[in-house]
1. Count, please, the residues in segment 117-146 that happen to be part of a helix (DSSP H, G or I), under 25 Å from residue 264 (Cβ atoms), out of contact with any Pro (no Cβ under 6 Å at 6 or more places or on another chain) and of a type outside the set (Val, Ile, Thr).
2. Taking residue 78 and the conditions (1) part of a helix (DSSP H, G or I); (2) more than 19 Å from the chain's Cα centre (by Cα); (3) of a type outside the set (D, E, K, R), which numbered condition does it fall short on, given that it satisfies the others?
3. Any idea which of 179, 190, 199, 232 is among the small types (Gly, Ala, Ser) and buried (at least 20 other Cβ atoms within 10 Å of the Cβ)?
4. Going by the conditions given, is residue 168 aromatic (Phe, Trp, Tyr), in a helix (DSSP H, G or I) and either at pLDDT below 95 or loosely packed, with under 13 Cβ neighbours inside 10 Å (or both)?
5. When residue 289 is evaluated against the numbered criteria (1) hydrophobic (A, V, I, L, M, F, W, C); (2) closer than 23 Å to residue 72 by Cβ; (3) in a helix (DSSP H, G or I), which criterion, by number, is the only one it fails?
6. Tell me, which helices (runs of 4 or more DSSP H) lie completely within segment 1-68 with 1 or more residues that are hydroxyl-bearing (Ser, Thr, Tyr), closer than 28 Å to residue 199 by Cβ and modelled with pLDDT under 90?
7. Does segment 240-270 hold any residues that are closer than 21 Å to residue 69 by Cα, part of a helix (DSSP H, G or I) and out of contact with any Gly (no Cβ under 7 Å at 6 or more places or on another chain), and which are they?
8. Give me the pairs: first residue in segment 162-187 and touching a residue at least 24 places away in the same chain (Cβ under 8 Å), second residue basic (Lys, Arg), beta-carbon distance under 8 Å, and six or more apart or on different chains, which are they?
Amino acid sequence: MRYAAHERLVAPARRTAGLGRLGAGICLTVAVFLLLSILWSGLLPLLLGGADWAQVLQGVATATTPLGVLVNLFTFALLLAALAISLRAVHRRGLLSLVGPLPLAARQFGRALLAVGVLYGVLALVPLPDALTPERNLATATWLMFLPLGLAALFCQVFAEEVAFRGYLQSQLAARFGAPLVWLCVPALAFGVLHLDSATYGANGWLVMIWATVFGLAAADLTARFGTLGPATALHLVNNFSAILIAAPKGQFDGLALYAFPFSLDDETAVLAVLPADLLMLLCGWLAIRVALRG
């Protein structure tokens, strides 16, 4: 009964719950996303006019400039477009059917955002060791100038991932399999595997994958427990806001960060030191949302 509300998302998936349809939907989504990405990469130089294209590409590759971060995050809009196309073509359903009732999703999102935002704000006051203390990266005026656009881009990114993994993959699997072990774990594991990046994280690549898988499980539980994407999107948004717009590792996705940690992602010792704290914050955020939405 704890997942009874999940039926709001599962019911629209029952008419096309076959694994063949799911496989076709995934393949079509990936193909359309790649095509749109190619078109977007060809259009970008025209939109940027006389900009130094080599410098722009470097900033996009490492997201070390405001433009680089924005381009990376807004690219997820292409995933939403690709998924909308494949949903219509394969499942005969609309993109919003993956979200749940919009008024309810919005209310849950707001309450969850407040709960986890306050929690992260309090935990951010805990002092860090000197070797891990972030340093100022952007001037406050510059950061505030980019903040509205950064928030829009960040929401685009987290919403696209939640729609794809919790809205689409989870609901389609739940319509086909009754066992929560399947539809909770498979999307979470897929989410984790897509975060496996040994070239960036070195020997910590597997640990980062495990962290992402745990995040996927937390988001999957919130989605199934409350029946909309609102709570999971709020958790994802606050987590990524903290990691991208507040304090980011030096030299990697720090283009819009107010602060930068004094280490890069390939510093295995430093990354290993912060991962347990990140995991604890994630679990506390998950619990805070469950408590906030329980009443």
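1. Our first condition is that a residue be part of a helix (DSSP H, G or I); within segment 117-146, this holds for 117-123, 130-132, 140-146.
Filter again for under 25 Å from residue 264 (Cβ atoms), leaving 120, 123, 130-132, 140, 142-143, 146.
From what's left, out of contact with any Pro (no Cβ under 6 Å at 6 or more places or on another chain): 120, 123, 130-132, 140, 142-143.
From what's left, of a type outside the set (Val, Ile, Thr): 120, 123, 130-132, 143.
Residues that pass the stated criteria total 6.
2. Answer for residue 78: the failing condition is (2).
3. On the way: 179 fails: buried (at least 20 other Cβ atoms within 10 Å of the Cβ); 190 fails: buried (at least 20 other Cβ atoms within 10 Å of the Cβ); 199 fails: buried (at least 20 other Cβ atoms within 10 Å of the Cβ).
Selected residue: 232, the only one of 179, 190, 199, 232 that is among the small types (Gly, Ala, Ser) and buried (at least 20 other Cβ atoms within 10 Å of the Cβ).
4. Numbers: aromatic (Phe, Trp, Tyr): yes; in a helix (DSSP H, G or I): yes; either at pLDDT below 95 or loosely packed, with under 13 Cβ neighbours inside 10 Å (or both): no.
For residue 168, the condition - aromatic (Phe, Trp, Tyr), in a helix (DSSP H, G or I) and either at pLDDT below 95 or loosely packed, with under 13 Cβ neighbours inside 10 Å (or both) - is not met.
5. Tallying (1) hydrophobic (A, V, I, L, M, F, W, C); (2) closer than 23 Å to residue 72 by Cβ; (3) in a helix (DSSP H, G or I), residue 289 fails exactly one: (2).
6. Numbers: elements: 7-10, 19-48, 53-62.
Ranges flagged: 19-48, 53-62.
7. Initially, segment 240-270 is screened for residues closer than 21 Å to residue 69 by Cα, giving 240-266.
Keeping just the survivors that are part of a helix (DSSP H, G or I) gives 240-246.
Hits for segment 240-270 are 240, 241, 242, 243, 244, 246.
8. From segment 162-187, the pairs are 172/21; 175/14; 187/166.
The values are calculated or read from the model by the stated rules, or taken from the named source; none is laboratory data. The shown structure was predicted, so the numbers you read here are calculated from the model rather than taken from an experiment. Cβ coordinates were reconstructed from backbone atoms using ideal geometry, including for glycine residues, and neighbour counts include every protein chain displayed.
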